[in-house]
Amino acid sequence: MTRAPATAKLNLALVVGRASDGRHELTTVYQRLDLSDRVAIAPAPRLQVTGFADDTLVRNALEGLAEAAGVRPRWEARLTKRIPVAAGLGGGSSDAATALRLANETFDEPLPADQLHALGASLGADVPFFLTQGPQLGEGDGTELTPLDLPQDYWVVLVLPRGATKGSSGAVYAEFDEREGATGYRNRRAALKRALRETKRALDLAQLPQNDLASSPLAADLLAQGAFRADVTGAGPVAYGLFQHLETARAARAALRGRGRTWLTAPAWYG
């Protein structure tokens with residue numbers, strides 16, 4: 001079997017508005033993390049996905065890849081889950097992208113990158129990001145990607161609040177619309193892009209605008225523990241804090257263990 005890590009991601013910023021056709025549009029900063037699931041792929045007589053009973057994305061990804069290549073889906077995929085599910089860290093999307101990449105490499109003539117990107121976009125807005133390297137600016141529905149040159153020299157503490165559950169995407173966006181969250185989107189998008197242009201060192205990431213879709217009191221707790229930036233990733237519920245020094249990050253993780261599950265990790269360039 002061929003194996004590879006399927007990394008988690010942070011949304012270092014996420015601002016949301018409305019497009020002219022009424023659909024939501026977003027501008028976000030994607031950053032991989034050195035926290036990952038593991039995906040293993042091997043040719044097999046029939047499609048089989050094991051290791052995570054609730055999987056649908058990896059199966060759909062492999063079925064879509066086979067259809068695009070004009071073959072039957074004949075792979076065994078084994079998933080080892082370490083990224084918390086439905087937490088805003090993109091674990092399912094990363095698993096699907098990694099499975100796509102590994103299975104595509106089993107073909108004598110692999111599908112080109114643009115075709116894989118389109119297939120990934122049909123599965124979910126985060127999937128194409130996980131087919132790239134390095135930080136990316138996501139626009140439109142999140143699948144229009146532009147590489148970013150961002151500092152990677154910081155530590156990340158993640159906190160999944162005890163008892164927290166993630167609402168459906170529909171419910172999250174419905175609440176966003178009810179509070180007229182799209183108002184001022186163009187100004188927030190401009191502020192995000194201005195902050196990116198001015199980012200030269202890790203501490204400059206503190207100037208990025210806050211998440212439009214979700215917030216958490218844990219962000220304030222992380223700042224109180226020494227984070228130079230803290231926010232929610234995606235639609236949550238995981239909150240993250242960025243730390244300049246490892247010792248401070250370790251102390252913050254220890255201080256917040258009573259609030260839920262915690263992880264100490266760092267940026268990653270590629271899965």
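The values are calculated or read from the model by the stated rules, or taken from the named source; none is laboratory data. Remember, predicted model here, so these are calculated numbers, not experimental data. Every residue, glycine among them, receives a Cβ derived from its backbone with ideal geometry; neighbour counts consider all protein chains shown. Keep in mind that these areas ignore ligands, DNA and RNA; they rest on the heavy atoms of the full protein, side chains included. Shrake-Rupley method; radii C 1.70, N 1.55, O 1.52, S 1.80 Å.
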- Note on the structure: The distance between the Cα centres of the range 1-49 and the range 228-244, in whole Å, is 17 Å
- What is the distance in Å between the Cα centres of the range 185-212 and the range 157-182? 22 Å
- Message: Using the Karplus curve 6.51 cos²θ - 1.76 cosθ + 1.60 with θ = phi - 60°, what ³J(HN,Hα) values do you get for each residue of the range 149-155, in whole Hz, with x for Gly and Pro?
- Response: 9, 10, x, 10, 9, 8, 10
- Item | With all protein chains modelled, accessible area of V127 [1.4 Å, Å²] | 0 Å²
- What are the ³J(HN,Hα) values, in whole Hz, obtained from phi via the Karplus relation 6.51 cos²θ - 1.76 cosθ + 1.60 with θ = phi - 60°, for each residue of the range 43-50 in sequence order, with x given for Gly and Pro? x, 8, x, 8, 6, 9, 10, 10
- Message: Probe radius 1.4 Å, ligands and nucleic acids ignored: give me the carbon and sulfur share of the accessible area of the range 10-74 as a rounded percent.
- Response: 44 percent
- Pick from G226, G142, G92: which is most flexible by mean-square fluctuation in a GNM of the chain where alpha carbon atoms under 10 Å apart are linked? G226
- Quick one: with all protein chains in place, what share of the accessible area of the range 127-250 is carbon or sulfur, to the nearest percent (1.4 Å probe)? 48 percent
- Query: Going toward the positive end of the dipole of the chain, with +1 on Lys and Arg Cβ and -1 on Asp and Glu Cβ, which of A77, Q115, S20 do you reach last?
  - Reply: A77
- Task: For R197, tell me the accessible area in Å² from a 1.4 Å probe, rounded to the nearest 10.
- Result: 150 Å²
- What does the charge add up to near T28, with Lys and Arg as +1, Asp and Glu as -1, over the other residues with Cβ less than 13 Å from its Cβ? -3
- Message: Could you compute the net charge surrounding A19? Neighbours are other residues with a C-beta less than 10 Å from the C-beta of A19; K and R count +1, D and E count -1.
- Response: -1
- Query: When the solvent-accessible surface of protein heavy atoms is calculated with a 1.4 angstrom probe, in what order do E198, E175 fall, highest first?
  - Reply: E198, E175
- Query: Using a simple charge model, +1 on the beta-carbon of Lys and Arg, -1 on the beta-carbon of Asp and Glu, nothing else, what dipole does the range 98-178 show about its Cα centre, in debye to the nearest 20?
  - Reply: 440 debye
- Query: Averaged per residue, what accessible area in Å² does the chain show with a 1.4 Å probe, protein chains only?
  - Reply: 46 Å²
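Count charges around P5 for me, please; just the other residues with Cβ under 13 Å from its Cβ, Lys/Arg as +1, Asp/Glu as -1.
+4
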- Give the long-range amide H neighbours of R261: residues separated by 5 or more places, or on another chain, with amide H under 5 Å away, using H modelled in the peptide plane at 1.01 Å from N. L160, R162
- Item | T50 paired with R197, simple spin-label distance in nm, labels 7 Å along Cα-to-beta-carbon | 5.4 nm
